[in-house]
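Data first, discussion second: the structure below is written as structure tokens.
Each value in this text was obtained by applying a stated rule to the coordinates, not by laboratory testing. Computed from a predicted model, the values in this text were never measured in an experiment. Glycine gets a Cβ as well: all are built from the backbone with ideal geometry, and neighbour counts include every protein chain shown.
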Amino acid sequence: MDVSEQIKRFEQFVEQNYQVALLEAISVGNNFMLIDFSQLAKFDPELAELLLDQPEEVLKAFEIAIRNLDTPESVSKFYVRFKNLPKSQEQRIREIRSSHIDKFLFVNGIVRQKSDVRPQVTTAKFECPSCGNVISVIQLEAKFKEPSRCGCGRKGKFRMLSKELVDAQKIVLEEISELLEGGEQPKRIDIFLKNDLVSPLSDKKTNPGTKIRVVGQVKEVPIPSKDGGKLVRFDLMIEANCVESVEESFGELTITEEEEKKIKELANDPKILNKLVNSMAPSIYGHEKVKEAIIMQLLGGVRKTRNDGVVTRGDMHILLVGDPGSGKSQLLKRAQLIAPKSRYVSGKGASGAGLTAAVVRDEFLRGWALEAGALVLANHGFCMIDEMDKMSKEDRDAMHEALEQQTVSISKANIQATLRCETTVLAAANPKWGRFDPYDLLGKQIDLPPALISRFDLIFPIKDLPNKEQDERLAGFVLNLHQTSDAGTCDIDTDTLRKFIAYARRYCVPKLTDAALEEIKEYYVKMRASGGDEGGVKAIPITARQLEALVRLAEASARSRLSDKVTRKDSRKAIELLHYCMSQVGIDPDTGKIDVDILTTGVSSSARSNIIVIKEVINDLENKIGKTLPVDDVAREAQERGISADKVEEVLEKLKRSGDIFEPKRGFIQKI
């Protein structure tokens, strides 16, 4: 089919199907138009086939055809964008080969990196000073090209009259990790955008971390060698024709009507929560409470945006701190399989930039580009962080904002950006000394900064203590697994479980009923009052952060039934889980009461009140005796105020370590 025939057919096609759309686009001032490929295939299959094979020429013919239709003079360039290509034209990034060069196809992926928008020369016009001849040079390569000679015989030194510029931008597209098998490394490809594809409107579509579908043609790019020539090897890139955003988050999973029916049947089962917990990790023995909490976390609470713009997060974060070999990583791996969208990172292999966002040098357009990290890429999904205690302090600090405000702000090089990071985090860590010390406070053994710990809604210590009956059951369970490789009967298979969670998160938005609200309020007030008054400093058993955690847990419990009302029963379930965690981690050994300070600061309020009393004793004695005080006098005075001798010793040791007092000679102390 020759070009004039193509142009004629395109004119007919536009007149029949897209006349109104074309006029609308021109009247609004757009210089592009979206065309559904399936309509072109219906109108003329031969032309459609030709477009897939030789996109370059056919697209040019299409643009000429549109200019031939009565378009106003002001529209000099008009671009045609195609969507809805047939499934046969879909290529995975890792499968693009040299046979695909100059073919029309589409790829799906996540935007990893994005460069700045820069102008690029397409054509330049030169005038010959000798004879006045105007020479037009099309700029296709990376280097700017001038004409080599003129018809009159002149070589070199031509005067440039004008050059045509277009806006250009490069993005790096990476394969979607959910579609990969096992531990494959996601492959990347460069996408080249120009003209209207880099307008501010479409700019939002291509932010790092978003999923997009790119329709375009594969081009080869020469790699320059060091001596100025070209290498035999070429690089691949896709010149985009159309960019569409793919529906984010759990929209990935397609749920058929049959499956929807099955999900609703499951939700009506009165024992649904038990079934979900049993199917969570059937090959891991015990840990019922932890499994229940992870199911609640996967279902998630409801994100609320208030009228004044304040956002309350709906994601709850869970931290598992446990002895080595107690199955934490197994639980994390299993949760990653069930979660509809997830990333898994491990302590030493994760840096702050790799988790949040990094600014990297962009080789292509010579500037800085933003690259999204694991927490941003798992937006609306889950991030499992293993071995959190092995991460360096600076890298852990990068997570504070991501966990609470759910954004990642970056101000580096010339890039100031805030990326969305509505990610649920499930983290695992080992205690400070590798194993739990049964005689020390649990709160002191969690070697993470207090500010980070307080971001986690639930903290589970997983202890591995010898117990004959339990050890027998565990050994029987594990050995049986090795013998038969059958993980026992699983109530819900993994695929259905994923779809159940995706369905609940997508369609179910539960609201608190008055009864549920009353139950949570009652518990909160009762707990605050139970702090007791230990020697002047009141213990704080629970804070407003835990109150929000209770609401989130109750909403997740309602989601397990696909209910849009949070009942009193859900509130009780939430209270039971939170109370279990607090009583495991936050008990003050001196008073036997729950104290949130142990977790957040590592010092219980009773210990703090002892420190205050002893400081008072030192001040009083200083006024009586003088600067240097005998330790025995301090101990005697403190015992009169109800502090035992070994506690006095412990507090004095602490004060020495913190630099409040020192020992000028043995048996004496002095304030600094």
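Observations, loosely collected:
- Loop-exposed chymotrypsin sites (Phe, Trp or Tyr not before Pro) per DSSP, neighbour cap 11 Cβ within 10 angstrom, longest uninterrupted part of the chain: 145-432
- Rg ratio (alpha-carbon, reference 2.2 N^0.38 Å) - region 109-174: 1.55
- Against the main long axis of the alpha-carbon atoms of the chain, helix 605-624 sits at an angle near 60°.
- Annotation: extensible slack from residue 255 through residue 311 equals 17.2 nm (criterion: 0.36 nm per residue apart, minus Cα-Cα distance).
- Between residue 8 and residue 612, the contour length at 0.36 nm per residue exceeds the alpha carbon distance by 208.2 nm.
- R0 of 25 Å, Cβ-Cβ distance residue 623-residue 654: FRET efficiency to nearest 0.05: 0.60
- Solvent-free Debye calculation, one equal scatterer per alpha-carbon of region 604-671: log10 I(q)/I(0) at 0.15, 0.21, 0.22, 0.29 Å⁻¹ equals -0.40, -0.82, -0.91, -1.58.
- For 231, 50, the sequence from fewest to most other C-beta atoms within 10 Å is 231, 50.
- Unsatisfied cross-links (Cα-Cα over 20 Å) in the set 328/432; 521/565; 333/511; 264/565; 432/671: 333/511; 432/671
- Stretch gain in nm, segment residue 230-residue 123, where the contour uses 0.36 nm per residue and the Cα spacing is subtracted: 36.3 nm
- For the chain, the Kirkwood radius over C-alpha pairs fed into Stokes-Einstein at 25 °C and 0.890 mPa s yields D = 81 µm² per second.
- Pairs spanning more than 32 Å between alpha-carbon atoms, out of 262/304; 8/230; 42/77: 8/230.
- Where both bridge residues fall in the chain, DSSP classifies roughly 70% of the beta bridges as antiparallel.
- Anisotropy class assigned to region 3-84 is prolate, per the alpha carbon gyration tensor with a/c at or over the 1.5 cut-off and a/b larger than b/c.
- Computed label-point distance, nm, for sites residue 134 and residue 56 using a 7 Å Cα→Cβ extension: 2.6 nm
- Global size of region 374-477 as Cα Rg and Dmax, reported in angstrom: 17.6, 62
- Kirkwood hydrodynamic radius of region 92-246, Cα pairs, Å: 17.9 Å
- What the phi angles of region 185-198 give under the Karplus curve with 6.51, -1.76 and 1.60, with θ = phi - 60°, is a coupling list of 7, x, 8, 10, 8, 7, 10, 10, 10, 8, 6, 6, 6, 10 Hz, glycine and proline written as x.
- Ranking of 87, 333 by count of other Cβ atoms within 10 Å, fewest first: 87, 333
- Distance between the modelled labels on residue 92 and residue 465, one decimal in nanometres: 4.9 nm (7 Å Cα→Cβ projection).
- Crossing angle, helix 514-529 versus the chain [Cα axis fit, 0-90 degrees, rounded to tens]: 50 degrees
- Sequence-ordered 3J(HN,Hα) estimates for region 59-66 from the Karplus curve with 6.51, -1.76 and 1.60 and θ = phi - 60° stand at 5, 4, 4, 4, 5, 5, 4, 5 Hz, glycine and proline given as x.
- Under 5 Å, built H, 5+ apart or other chain: amide partners of residue 368: 116, 362
- Reference-scaled alpha-carbon Rg (2.2 N^0.38 Å with N residues) for region 335-400: 1.24
- Between 0 and 90 degrees, the angle of helix 328-338 with respect to the longest Cα principal axis of the chain falls at about 40 degrees.
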